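The values are calculated or read from the model by the stated rules, or taken from the named source; none is laboratory data. Just so you know, these numbers come straight off a predicted model, no measurement behind them. Positions of Cβ are generated from backbone atoms using ideal geometry, with glycine treated the same way; all protein chains shown enter the neighbour counts.
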Amino acid sequence: MGNLVLNTILSRSSIRAYQSEKLCESELEFLKKAALASPTAMNRQEQRFIFVTDDDKRARLEQAIIDGVIASGNEAFAERIRMRGGQVTYGAPLVIIICAKPGKFAPVDAGIAVENIAIAAKAIGLDSVILGMPAAAFGPGCDEAKREFGFPEGYEFQIAISVGCGAAEKAPHEWDESHVIMM
Ligand SMILES: Cc1cc2nc3c(=O)[nH]c(=O)nc-3n(C[C@H](O)[C@H](O)[C@H](O)COP(=O)(O)O)c2cc1C
């Protein structure tokens, strides 16, 4: 297929190792636009995109997630982190946290935005991995962490994404054509 957008969608995969190289301003600007261009139900735009680029902040975030998973006692999550080398954001130079005012369409809006970001990243030669695990750092009783990471009052974690220059390769996932039901 010769279509640039389709090729970008079809070649995206979750990359779980990153080079430490920082993203440049133009890459960050492009990713901001991709985030803000995402459609939202009734055009409410009630989500915020927290771009974590500072090394110390990213280390704090990584630790807060791991601490949150341990505190939750969720052994399946803890085992998944162990299987992935004890990492949750994989050393990416940029982690984007999407938070939103709770609402019926908040998770859908966030899902659309995070995929927009993933495809935009791929389109400019970067890699990404969508992250649900950071929810462990921003659940009930985590108001201090929410304040530290700039969540506006009343906003809740929805999803996050690590972005950077990949230091590994992975083929896109396989799929089952029967999951599309034609009528
Ligand atoms: C909502 C959602 C949450 C995810 N959370 C994580 C995560 O916390 N950690 C991780 O390494 N991958 C996470 N992933 C990545 C999936 O594991 C990955 O998309 C899936 O295995 C398919 O692989 P692919 O993205 O390479 O096609 C998440 C993906 C989605 C859509």
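Could you go through the stretch 63-79 and let me know if any residue there is at pLDDT 95 or above, more than 22 Å from F149 (Cα to Cα) and out of contact with any strand residue (DSSP E or B) (no Cβ under 7 Å at 6 or more places or on another chain). No, the conditions are met nowhere in the stretch 63-79.
Of everything in the stretch 1-28 that is of a type in the set (D, E, K, R) and either within 16 Å of the ligand (Cβ to nearest atom) or more than 23 Å from E148 (Cα to Cα) (or both), the residue that is surrounded by the fewest Cβ atoms within 10 Å (Cβ to Cβ) is E25. Evaluate the stretch 164-180: report whether one residue or more is among the small types (G, A, S), within 22 Å of A78 (Cβ to Cβ), in contact with a strand residue (DSSP E or B) (Cβ under 9 Å, 6 or more places away or on another chain) and buried (at least 21 other Cβ atoms within 10 Å of the Cβ). No; the residues of the stretch 164-180 include none that is among the small types (G, A, S), within 22 Å of A78 (Cβ to Cβ), in contact with a strand residue (DSSP E or B) (Cβ under 9 Å, 6 or more places away or on another chain) and buried (at least 21 other Cβ atoms within 10 Å of the Cβ). Elements of the type helices (runs of 4 or more DSSP H) sitting completely within the stretch 32-148 and holding at least 3 residues that are within 15 Å of the ligand (Cβ to nearest atom) and charged (D, E, K, R): these cover 75-83, 106-123. For the stretch 147-183, the set of residues classified as without any contact (Cβ under 8 Å) to a residue 12 or more places away in the chain and basic (K, R) consists of R147 only.
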